[in-house]
């Protein structure tokens, strides 16, 4: 019996489970500074018989039933009506961003969003499939944009496999699974764009299977050098705006759109500040924390997210952690499907400071604020053309695809690059062929890893990264 099984084996009549040993703190490598671990199962007594022994599987896959543990003490079940990720602002510390919000971002039932809609009668919610959505158009219509970023590794694919080929990426299948199992019932609409062939087809599948849901598809420009690009994209945005005006039952004025641009400018500016802190002082802000603070913004009203990030930055600025002996790395390739949080934690624990990444790229799409003067839709379109981040799904031939990656390595002083690409992601694989040539030409070490959002075994990836790190530290 493994140490972790021993910890989970004894349940008393008062619904408390005795923790036999503190070895869990050492055994689960990716949980740094453990305060509380969520553990969930219908019966602890048969856990060792019916489930895999991988530690990450237990800790991640069983949290949803409401069990929480404090290492070396006692674990007790939390009332399912409680929201474990909600804490008062007075309790905010500089140590627990991942613990506090983990349940929110890993909840496949979107319970926080469902609760929000129940408390805001008549409100509409629009799901935003990766990578980028002009959320200002949704917000200005009085609706809530919510990131639909797949089902993660808490969702079992039972229906969607029969709708798609076996070589389709996980996020396409899990997003459809969320719909087929009723977990997206709160959505009044969802918007897609041309990421790849499977994503384009997913829009049609949603339109056919969920007729009660408004399904929109944004046709972003493929020619970034044409003098007509801004005019074309502005017309496309006006078409989307008109559709959402009909759904919301209200007109979107230029002033309302300017106000939405202003508030999303503020949100993106705060996220850029988080990334600046992480790039300059990665010992004070982990990638997992940065990711979680960014990810919750896809699931909350923007005004609420801004308040959280402001307080988080103030807390982070009070830190003075001692740097560790790690290599400095740029991570690239996860712009659409998101890796499990445990994998991100594992990369860091294996000896990497991740200075920059392309996680949740569409929610921090612009490199600087969108102007408020002038015609707002045209400003949105021009910002997409001239001031947006590089992306494998944005067809911009004005510079080589690999240039932004090489520039990022030089600007941050990174030692290496990790390409972390979703399995079967064609845009990421196409980009990697070009990245590899450029990285080898520049003499920059790199490691290629594949992941799936549904994965729950991370030993292989951790070993590969540890070997890569050691080859550089001890070369």
Discussion item. Whether any residue in segment 286-293 is under 26 Å from residue 142 (Cα atoms) and crowded, with 21+ Cβ neighbours inside 10 Å is what I want to check.
Written reply: yes
key: Meets criteria (under 22 Å from the mean Cα position of the chain (by Cα) and crowded, with 20+ Cβ neighbours inside 10 Å) for residue 248   = no
Original post:
Would segment 395-404 turn up any residue that is crowded, with 16+ Cβ neighbours inside 10 Å, in contact with a helix residue (DSSP H, G or I) (Cβ under 6 Å, 6 or more places away or on another chain) and over 25 Å from residue 345 (Cβ atoms)?
Top reply: yes
> Quick check, is residue 195 within 21 Å of the chain's Cα centre (by Cα), assigned to a loop (DSSP other than H, G, I, E, B) and closer than 11 Å to residue 129 by Cβ?
Replying inline: yes
Say whether the condition of being assigned to a loop (DSSP other than H, G, I, E, B), in contact (Cβ under 8 Å) with a residue 12 or more places away in the chain, surrounded by fewer than 20 Cβ atoms within 10 Å (Cβ to Cβ) and on the phi < 0 side of the Ramachandran plot is met by at least one residue in segment 327-338.
no
Taking first residues from segment 349-361 that are touching a residue at least 40 places away in the same chain (Cβ under 8 Å) and on the phi > 0 side of the Ramachandran plot and second residues anywhere that are surrounded by fewer than 22 Cβ atoms within 10 Å (Cβ to Cβ) and in a strand (DSSP E or B), the pairs with Cβ under 7 Å that are 6 or more apart or on different chains are 351/327
Exactly one of 450, 440 is under 18 Å from residue 339 (Cβ atoms) and out of contact with any helix residue (DSSP H, G or I) (no Cβ under 6 Å at 6 or more places or on another chain), and that residue is 450
Looking across segment 130-148 at residues that are within 15 Å of residue 186 (Cα to Cα) and surrounded by 21 or more Cβ atoms within 10 Å (Cβ to Cβ), the single one that is farthest from the chain's Cα centre (by Cα) is 144
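Since every read-out is calculated from the coordinates, none of them should be taken as a lab result. Every value quoted in this text rests on a predicted model; they were computed, and no experiment measured them. FYI the Cβ positions are ideal-geometry reconstructions off the backbone, even for glycines, and counts take in every protein chain you see.
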